[in-house]
Amino acid sequence: MIICGVELSGSDAVLCLLKLDRGQVSLPECKVRKLSLSKNHTREDLKQFQAAFAELMAEHEVTSVAIKERMPKGKFAGGAISFKLEATIQLIADAELEVTLLPPALIKSTLAANPLPIPFAETGLKIFQETAFTAAYVGLMAK
């Protein structure tokens, strides 16, 4: 099973793939670290983002997407564009792709029960991918 962890930030979707095989978690090779929505945010731009995201998921045989949920209001509220990106990902027509939102409380409780198997610094991922990595890991453990 391959899962894609996603952190939505501004007009970017930061990605991290994790693979679970016989109880072992590994990082499949993926050159794409983030997908960005163009500055115009038109319907066509959203469709292009959706197509690029769906194509990447199909190319890497991803069966599940775990998105770190953003708050609709308050100090840590997500921006309007990130909610558009979330909806765009959720509406991908591929019936094989399961999309899950991970509330912060679920992330915290899952990590308490199942700590990360290796420190993030040892993964070889870029620092900006840490939240996406955590979302992917929690998505795997929550299944």
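Just list whichever of Lys31/Lys108; Lys39/Lys143; Lys19/Lys75 have alpha carbons separated by over 31 Å in the model shown. The pairs that break the limit, which is 31 Å between Cα atoms, are Lys39/Lys143; Lys19/Lys75.
Of all aspartates and glutamates in the structure, those lying under 15 Å Cα to Cα from Lys47, and not within fewer than 8 positions of it along the same chain, are Asp12, Glu55, Glu86, Asp94.
Relative to the Cα centre, the charge distribution of the chain, modelled as +1 at Lys and Arg Cβ and -1 at Asp and Glu Cβ, gives a dipole magnitude of about 540 debye. Is the C-alpha gyration tensor of segment 9-110 telling us rounded, prolate or oblate? Criteria: a/c under 1.5 is rounded; beyond that, a/b larger than b/c is prolate, otherwise oblate. Since a/c reaches 1.5 but b/c is at least a/b, the shape of segment 9-110 is classed as oblate. If the chain linking Val25 and His41 were pulled fully straight, counting 0.36 nm for each residue of separation and taking away their Cα-Cα distance, it would gain 2.2 nm.
Placing R0 at 35 angstrom, the Cβ-Cβ distance between Gln48 and Ser109 gives a FRET efficiency of 0.45 after rounding to 0.05.
What is the antiparallel percent of DSSP beta bridges lying wholly in segment 2-141, to the nearest 5? The answer is about 60 percent antiparallel. The value of relative contact order for segment 38-123, using C-alpha pairs under 8 Å at least six residues apart, is 34 percent.
Every read-out reported here was derived from the displayed coordinates using simple, explicitly stated rules and does not represent laboratory data. Fair warning: this is a prediction, and the values are worked out from it, not measured in the lab. Here the Cβ is made from the backbone with ideal geometry for all residues, glycine too, and neighbour counts use every protein chain on show.
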